[in-house]
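Worksheet for the structure shown next.
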Amino acid sequence: MTAYQEYLRFIVTLTAVLDPFLAIPIFLSVTASGDAGARQRLANTVTLTVLAVLASAAIFGEALLKILGASLPAFQVGGGLVLLLMALAMLNAQVGGMRQSRAEEEELESGALTGVVPLAVPLLAGPGAISTTIIAAQAGGIAHTSVLLACIGLVAALLWVVLRLADAVGQKMGRTGLNIVTRLLGLLLAAIAVETMADGLKVLFPGLTSV
């Protein structure tokens, strides 16, 4: 792949992992008792939190892997598995336990959690998005990291637009329309997850390349 294709793939993958359309029903339920101003402020806060978490992963991800003693191929296999589990849940139009546990869902429904938790973390900037960013950042170099940060900013801008228009988007698309988009993104994410795991397995088990 060319550098341009790699960055484009990262943008597409990160968009599929974040899946802001999956977050719309939860966003609307959290802000149901608030006015338009409250929804806009929450959209701003959630977007900035996601941007900060993923930017930190891009900048400090390599150092974190070294501290943990984990190799990039092993992380690719593990991260790919996380993405695959998320994709399977998305194909069923479900949030999935990888994004939100049943206990977290109950806390949200009870009003114990609002806004940034669990919307920004872990629903959006969760294990899948963080691992995707860390894997992409391993090519190294200030220039590469800078471009990745720009890509993250672009995806965060898309997330911000979707959340700011969540009420209108939810009404226009309906639950069925949102589910269709989530399933399509899930299918795309499943393919990327398998490829990510395959890349890691080829390095960990060189014999697989001759099969």
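Please verify whether T182 is β-branched (V, I, T), assigned to a helix (DSSP H, G or I), exposed (fewer than 15 other Cβ atoms within 10 Å of the Cβ) and modelled with pLDDT under 95, treating the condition exactly as stated.
no
Going by the structure shown, is T196 surrounded by 18 or more Cβ atoms within 10 Å (Cβ to Cβ), touching a residue at least 40 places away in the same chain (Cβ under 8 Å) and under 20 Å from L72 (Cα atoms)?
Yes; evaluated as a whole, the condition is true for this residue.
Say whether the condition of being in a loop (DSSP other than H, G, I, E, B) and at pLDDT below 95 is met by at least one residue in region 195-205.
Yes: region 195-205 contains one or more residues that are in a loop (DSSP other than H, G, I, E, B) and at pLDDT below 95.
Of the conditions (1) in a helix (DSSP H, G or I); (2) of a type outside the set (V, I, T); (3) out of contact with any Asp or Glu (no Cβ under 6 Å at 6 or more places or on another chain); (4) at pLDDT below 90, A139 satisfies every one except a single condition; which number is it?
(1)
With respect to A36, determine if the residue is small (G, A, S) and modelled with pLDDT of 90 or more.
Considered against the rule, which asks whether it is small (G, A, S) and modelled with pLDDT of 90 or more, A36 comes out as no.
Can you confirm whether region 151-163 contains a residue that is of a type in the set (A, V, I, L, M) and touching a Pro at 6+ places or on another chain (Cβ under 6 Å)?
Taking every residue of region 151-163 in turn, at least one turns out to be of a type in the set (A, V, I, L, M) and touching a Pro at 6+ places or on another chain (Cβ under 6 Å).
If you check V121, V53, V82, which single one turns out to be under 15 Å from the mean Cα position of the chain (by Cα) and under 17 Å from S29 (Cα atoms)?
Of V121, V53, V82, the one residue that is under 15 Å from the mean Cα position of the chain (by Cα) and under 17 Å from S29 (Cα atoms) is V121.
The values are calculated or read from the model by the stated rules, or taken from the named source; none is laboratory data. Only a predicted model underlies this, so the values are computations on that prediction, with no experimental measurement involved. In this analysis, Cβ positions are derived from the backbone assuming ideal geometry, glycine residues included, and neighbour counts consider all displayed protein chains.
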